[in-house]
Amino acid sequence: MGWRFLSKLIFWGILQQDAFDKVDCASPIERQEYMLNIVIDICDKEYNFSGFAEVGPYFKKVINVLKQMNYALFKSDDFFKEEKELEKLLAESQVAVEA
Amino acid sequence: MATTGKVKGIIANLVIVEVEAAVSQNEICFIILDEVRLMAEVIKVIGKDAYVQVFESTRGLKIGSTVEFAGHLLEVTLGPGILSKNYDGLQNDLDKMDGVFLKRGEYTFPLDEDKLWDFKPIAKAGETVEAASWLGEVDENFQPHKIMVPFVFEGSYTVKSVAEAGQYKITDTIAVLVDEKGNDVEVNMIQKWPVKKAITHYKNKPRPFKLLETGVRTIDTINPIVEGGTGFIPGPFGTGKTVLQHGISKQAEADIVIIAACGERANEVVEIFTEFPELVDPHTGRKLIERTTIIANTSNMPVAAREASVYTAMTLAEYYRAMGLKILLMADSTSRWAQALREMSNRLEELPGPDAFPMDLSAIIANFYARAGYVELNNGKTGSITFIGTVSPAGGNLKEPVTESTKKVARCFFALQQSRADSKRYPAINPIDSYSKYLEYPEFAEYISERINDQWIPKVNRLKTMLQRGLEVSEQINILGDSSAGCL
């Protein structure tokens, strides 16, 4: 898996936050742990892409869902809705799960 | 009778005084100018000449003016009522001053002398106490403010009596102690302490290890700072140093927040003054200002008071640490303080170091950062001062002396990136350039294993490696082109 996409995923998916958003401006450590585990799991999975051109748009979608999770209240309905969306997205391109 | 002297020379706010008797280094004096008394501090003594830095404008000062020495160093007044206050660098209560502009030579008492405090005794008659022992407690904006045996007391004392629970003014006697010679000593709620001397009335100062949650993911997850730790935020103009400091002040899990606005633009300080009283503390639901003290010394105030402002802030923090509280001290910016040191050093015609800063700049910065830390008090409780300073390197040059000297002593480095700030992404921390040395501390690893889990640090390190590899690959693609990206 491309390091470039993984680093973008890590940065945009969890590290960059919105200092001016009521929810995203502060993240308790329990939430940070939860999100870190999700991102590490995404990094550890194997993906089945038919071409290089598919990788960028796919990870853009993943990053977008992670961002929406960051904007939602932790473990709220919106948060779990986005998490389900993420699982669906991951299932689409995943062929095998490795630790 | 107080020592006096006469003004012999004036170089901007450095004044040379011919003294009539001995004066000590860092002693406070007052230069008499008509009806006004200008506060100054001795910074060098050569023979009969004392070189003093004046904390006010010296306009109109004449050769031959009388100078009176106070016989003590620059001190702060410590007692209940410090929280929620807006002070200048000399601990003048700004709210007690009239008018929009500060009048030269006007000094105000930093505490409220008439306010009644609900006092509850802690010590009992017959107990042996020493400096910094807790005698009682008052409720200061819902923070337990301990009334302590004054730090200047030496040796041990026996408690003769402690006032009963009730309402008292800060000047009322709340305890009578008996010293080793059998003399009675009355103690009230206020005490004084020289700002340039660290308050070291604690048993032990172990390496800090407890994570200080700031709510900022780039900090907590991959570059954590700890309770009693030190960090600094370098960044050129407009990269969001102040935004980040404000964010950390609001969200960090600290009991008390002290903000030293040292040499910053007045409009930024006004922003703090107007914004903080409105902010709600996410931990308690109360106003954030109730557990905050602001020390403002803006860029249009005399430079000498900038130095005083950071020391005043640190001394207040040490006072609250001795009560077993967690203090977050933010100084914005230490570069302006260093510039003040440079101005005075140049006027003293000292041998200049790099970029004309004083030769001992590194030592001054290191000694200041060393005052922060996690301590075990003599009564077994713990307290901490977490210090985060900002540095404003001219032109974003991170190789300039203040940044370099700070880098040597601060254990965390939060690098701000211009491009992120330009695209309005705050906090604009670059996660790869930033670092935290606390990740290498075994004490921290042990703590984090219990607080989160034992896989946390290995996961964080993996994350950092992936970020680093991503950066390397992007740089490679920039050189080789997109066609090389297939395997990367």
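Annotations for the structure displayed:
- Of all residues in the stretch B:455-482, those that are outside any helix (DSSP H, G or I) and touching a helix residue (DSSP H, G or I) at 6+ places or on another chain (Cβ under 8 Å) total 0.
- Hits in the stretch B:14-41 - residues which are part of a loop (DSSP other than H, G, I, E, B), at negative phi and within 29 Å of the chain's Cα centre (by Cα): B:23, B:24, B:25
- Residue B:436 meets the conditions (1) at pLDDT 95 or above; (2) over 18 Å from residue A:15 (Cβ atoms); (3) among the hydroxyl-bearing types (Ser, Thr, Tyr) in every case but one. The failed one is (2).
- Condition met for residue B:35 (over 22 Å from residue B:301 (Cβ atoms) and acidic (Asp, Glu)): no
- Selection from the stretch B:100-122 of residues that are over 18 Å from residue B:59 (Cβ atoms) and open to solvent by 80 Å² or more (accessible area, probe 1.4 Å): B:100, B:113, B:114, B:115, B:116, B:118, B:120
- Those residues of the stretch B:66-95 which are over 17 Å from residue B:312 (Cα atoms) and open to solvent by 20 Å² or more (accessible area, probe 1.4 Å), in sequence order: B:66, B:68, B:70, B:71, B:95
- Candidate set from the stretch B:199-218 (those that are more than 10 Å from chain A (Cβ to nearest Cβ) and open to solvent by less than 10 Å² (accessible area, probe 1.4 Å)); member that is farthest from residue B:286 (Cα to Cα): B:199
- Scanning the stretch B:171-186 for residues that are assigned to a strand (DSSP E or B), open to solvent by less than 60 Å² (accessible area, probe 1.4 Å) and in contact with a Leu (Cβ under 9 Å, 6 or more places away or on another chain) turns up B:175, B:177, B:185.
- Residue check, residue B:245 open to solvent by less than 10 Å² (accessible area, probe 1.4 Å) and out of contact with any Pro (no Cβ under 6 Å at 6 or more places or on another chain): yes
- Out of A:41, A:24, sole residue that is modelled with pLDDT of 90 or more and open to solvent by 20 Å² or more (accessible area, probe 1.4 Å): A:41
- Scan of the stretch B:231-245 for residues that are in a strand (DSSP E or B), within 16 Å of the chain's Cα centre (by Cα) and either within 12 Å of chain A (Cβ to nearest Cβ) or not hydrophobic (A, V, I, L, M, F, W, C) (or both), ordered by number: B:231
- Residue in the stretch B:52-64 that is out of contact with any Ser or Thr (no Cβ under 9 Å at 6 or more places or on another chain), open to solvent by 10 Å² or more (accessible area, probe 1.4 Å), β-branched (Val, Ile, Thr) and at pLDDT below 95 present: yes
- Positions within the stretch A:10-21 being more than 7 Å from every other protein chain (Cβ to nearest Cβ) and open to solvent by less than 10 Å² (accessible area, probe 1.4 Å), in sequence order: A:13
- Only residues that are open to solvent by 50 Å² or more (accessible area, probe 1.4 Å), assigned to a helix (DSSP H, G or I) and at the interface with another protein chain (Cβ under 10 Å from one of its Cβ atoms) were counted in the stretch B:418-454, giving 1.
- Test: residue in the stretch A:51-63 that is more than 10 Å from every other protein chain (Cβ to nearest Cβ), farther than 23 Å from residue B:463 by Cα and part of a loop (DSSP other than H, G, I, E, B): no
- Residue B:215 being more than 20 Å from the chain's Cα centre (by Cα) and part of a loop (DSSP other than H, G, I, E, B): yes
- Taken over the stretch A:47-81, residues that are in contact (Cβ under 8 Å) with a residue 12 or more places away in the chain and under 10 Å from the mean Cα position of the chain (by Cα) amount to 10.
The values are calculated or read from the model by the stated rules, or taken from the named source; none is laboratory data. Owing to the predicted nature of the structure, the values given are computational and were not obtained by experimental measurement. Neighbour counts are summed over all protein chains in view; Cβ atoms, including those assigned to glycine, are modelled from backbone coordinates with ideal geometry. What goes into the accessible areas is simple: the full protein's heavy atoms, side chains included, and nothing from ligands, DNA or RNA. Shrake-Rupley method; radii C 1.70, N 1.55, O 1.52, S 1.80 Å.
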